[in-house]
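Some notes on the structure that comes next.
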Amino acid sequence: MSRIGKNPVAIPAGVTVEVNGNVVTVKGKNGQLTQEFSDVTVKIEDGQVIVERSSDHKDHRSKHGLYRSLINNMIVGVSEGFTKSLELVGVGYRASNQGQKLDIALGFSHNIVLEVVSEVVVETVSEKGKNPIIKLTSFDKQLLGQVAAKIRSFRKPEPYKGKGVKFVGEVLRRKAGKSA
């Protein structure tokens, strides 16, 4: 039995969950999310969402925990939201935003200008003596991760000096240089 899939998902106050056929719709104060599902049944009982599978087939077992986690992420997203922070480590690396346009200087000949989707709120923090930080906030965890990964892909952290775009709190494996 799936350890994650068998746990019910509690529905907090202010959140409505609807199941129509094989589509789950979650509405809350932050927005609305929908997710299609297959090979499992989703029921709403006593203010909880319960995900059940029809058989012990390997495909059904793997989807059992997956859809339970996706539904949980949807409920947490529309009620509380998610935040990811990226740190720019390197001399001359800067970030600024005007609305949804993110302007990043990462040591290339030109700045990178990224138009971020409207569901993700962008905020840049630049304090003197500290690395610039890009804060991304959204109710959609998948979309938030995708945008953060795109920004990180412009200049991934390298193992010698640690320069690049990294997540706040990310631990990098460092290598010794030539002299070691």
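The values are calculated or read from the model by the stated rules, or taken from the named source; none is laboratory data. Quantities reported herein were computed from a predicted structural model and do not represent experimental measurements. Don't worry about glycine lacking a Cβ; one is built from the backbone with ideal geometry, like all the others, and counts go over all protein chains shown. SASA here: full protein model, heavy atoms, side chains in, ligands and nucleic acids out. Shrake-Rupley method; radii C 1.70, N 1.55, O 1.52, S 1.80 Å.
Partner lysines whose Cα lies under 20 Å from the Cα of Lys43, excluding those fewer than 8 positions away in the same chain, are identified as Lys6, Lys27, Lys63.
When only Cα pairs below 8 angstrom with a gap of at least 6 residues are kept, the range 106-149 shows a relative contact order of 30 percent.
Rounded to the nearest 20 debye, the dipole magnitude of the range 36-138 is 380 debye, with +1 charges on Lys and Arg beta carbons, -1 on Asp and Glu beta carbons, and the Cα centre as origin. Accessible surface calculations at 1.4 Å, restricted to protein heavy atoms, place the range 53-124 at 54 Å² per residue.
With kT/(6 pi eta Rh) evaluated at 25 °C and eta = 0.890 mPa s, and Rh the Kirkwood radius from Cα pairs, the range 119-165 diffuses with a coefficient of 205 µm²/s according to Stokes-Einstein. 3J(HN,Hα) along the range 169-175, derived from phi through the Karplus expression 6.51 cos²θ - 1.76 cosθ + 1.60 where θ = phi - 60°, amounts to x, 6, 9, 9, 7, 9, 10 Hz, with x in place of Gly and Pro.
Surface composition of the range 83-180: carbon and sulfur make up 50 percent of the accessible area, probe 1.4 Å.
Rg then Dmax, both in Å and based on the Cα atoms of the range 24-71: 11.7, 38.
As a calculated quantity, the FRET efficiency between Ser62 and Thr25 at R0 = 25 Å, using C-beta atoms, amounts to about 0.60. Normalising by residue count, the range 66-155 has a Cα convex hull of 99 Å³ per residue.
The largest accessible area among Ile151, Ile4, Ile50 belongs to the first residue in Ile4, Ile50, Ile151, and the rest follow in falling order (1.4 Å probe, all chains). Dipole magnitude for the chain: about 1180 debye, using +1 per Lys or Arg Cβ and -1 per Asp or Glu Cβ, origin at the Cα centre. Among the listed pairs Lys84/Lys166; Lys29/Lys166; Lys130/Lys166; Lys84/Lys141; Lys84/Lys175, those with a Cα-Cα distance over 19 Å are Lys29/Lys166; Lys84/Lys175.
Model label points for Thr137 and Arg173, set 7 angstrom from Cα along the Cα-to-Cβ axis, are 3.6 nm apart.
Rg/Rh for the chain stands at 1.09; both radii use Cα atoms, and Rh follows the Kirkwood definition. For Lys150, a cut-off of 12 angstrom between C-alpha atoms picks up these aspartates and glutamates, skipping any fewer than 8 places away in its own chain: Glu115. Projecting the Cα atoms of Ser55, Gly107, Pro12 onto the charge dipole of the chain, computed from C-beta unit charges around the Cα centre, puts Gly107 farthest toward the positive end.
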